[in-house]
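So the structure is just underneath, and the comments pick up after that.
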Amino acid sequence: MSDEPEPHRADAHDHTHAAAGPTGRWGRLRHRAAHLLKPHSHETAERVDAALESSAEGLRALWISLAVLGVTAAAQAAVVAVTGSVALLGDTVHNAADALTALPLAVAFLLGRRAASRRFTYGFGRAEDVAGVLIVCTIAASAAATAYAAAHRLVDPRDLEHLPAVAAAAVIGFAGNEWVARYRIRTGRRIGSAALVADGLHARTDGLTSLAVLLGAGGAALGWPPADPLVGLLITGAIALVLKDAARQVLERLMDAVDPALVDRAEEALRAVEGVLDVGELRMRWIGHRLRAEVAIVVDAAWPVHKAHRVAVAAEHALLHAVPRLTAVTVHTDPHWEHPAADPHRALAHHRAFA
């Protein structure tokens, strides 16, 4: 009989292809052809492999940028020791701080690779958000240190020496920071890590402030010593702007914010699945650089459980294809009721009133 339950199979693709695909018969044929050309799976083991791969990519970006910024900061520190440039000192402090922010991020990526436990049932991806907070605090501390050094030099002026060396160190600082900024931002966006993107923005500001050091050296060469500490104050202002952007990104992740365009894309994918009559509550959240989703879909109330389950698996499959970096989906099926009085959720209404 057609309503007899079928044996449950472990392969999610079997469920999906047995059910109606996202765009009907032709959509199913195209999807099967795509699987033949580019086989893939959404089983738990493969999702974990993808998550580990993204964490490994983030770690690689951190270690490489740490080495580049370490060499840059060391070269600049040697020049600061000889010249006493406050602007270059501020730039060196930022480069060193930016290099050190790789350490909490590396710890976060390593923690994120650990499996979920009975206490941390969602895993350890939130460690990235904690690292993001530490990065924001580091940016704020470096801004305060630079402002203090610049103000002190304004009160107690001092002539700069070896101006060509200061200019050369500034160019080195810009080149090193801009390369690291591009690398971190590109990698962070690819794997979905807000903390890594924030760290890249920090490096980019350090690169721009390195160019500003040239202004201080130029002013000193023209016989105006206050140029160096004044540029140091300008650097502080630039860092404050980056601090604002980085803090906003990290705070949004802590508040479970997602791009509304991702929600729209998810709803479109769900509504295209045959058998989905409507899409109810849809929630998405970042856990580290991975997305999780929870959604309620409406199906025909007359369907047996196994048929509704097929549609739920097809909906999950559609979301995994439609939303980048989505690694886990919980799909709840609600039956469509003609009369509100028959809605089984009425028993929960008094709980939802206070939600």
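Charged side chains reduced to their Cβ positions (Lys and Arg at +1, Asp and Glu at -1) give the range 44-254 a dipole of some 800 debye around its Cα centre. Applying a DSSP loop filter and a limit of 14 other Cβ atoms within 10 Å to the trypsin sites (Lys or Arg not before Pro) in the range 62-153 leaves Arg114, Arg118, Arg119.
For the range 259-352, relative contact order (Cα pairs under 8 Å, six or more residues apart, normalised by length) works out to 29 percent. Pairs of alpha carbons in the range 259-352 separated by more than 22 Å make up 31% of all such pairs. Each residue, Leu282 and Ala56, gets one label point 7 Å from its Cα in the Cβ direction; the gap between the two is 3.3 nm. Taking R0 as 25 Å, what's the FRET efficiency between Arg248 and Leu103 from their Cβ-Cβ distance, rounded to 0.05? Computed FRET efficiency for Arg248 and Leu103: 0.60.
Counting 0.36 nm for each residue step from Arg114 to Glu268 and taking away their Cα separation leaves a gain of 52.1 nm. The Cα center of the range 189-259 and the Cα center of the range 261-285 differ in position by 39 Å.
Residue-wise HN-Hα couplings along the range 260-267, as the Karplus relation 6.51 cos²θ - 1.76 cosθ + 1.60 with θ = phi - 60° gives them from phi, are x, 5, 5, 5, 4, 5, 5, 5 Hz; Gly and Pro carry x.
Between Val155 and Leu211, the C-beta separation translates, for a Förster distance of 22 Å, into a calculated FRET efficiency of about 0.25. Kirkwood radius and radius of gyration were both taken over the C-alpha atoms of the range 201-254, and their ratio Rg/Rh is 1.17. Where both bridge residues fall in the range 259-352, DSSP classifies roughly 45% of the beta bridges as antiparallel.
Simple spin-label estimate for Ala67 and Ala140 gives 3.4 nm between the two label positions (7 Å along the Cα-to-Cβ direction from each Cα). Extents of the range 198-355, taken as max minus min of Cα coordinates on every principal axis and listed largest first, are 87, 35, 20 Å.
Rule-based calculations on the coordinates, nothing more; no lab input. Note that the structure is a prediction, hence the values are computed from the model and not measured. Glycine also receives a Cβ, built like all others from the backbone with ideal geometry; neighbour counts cover every protein chain displayed.
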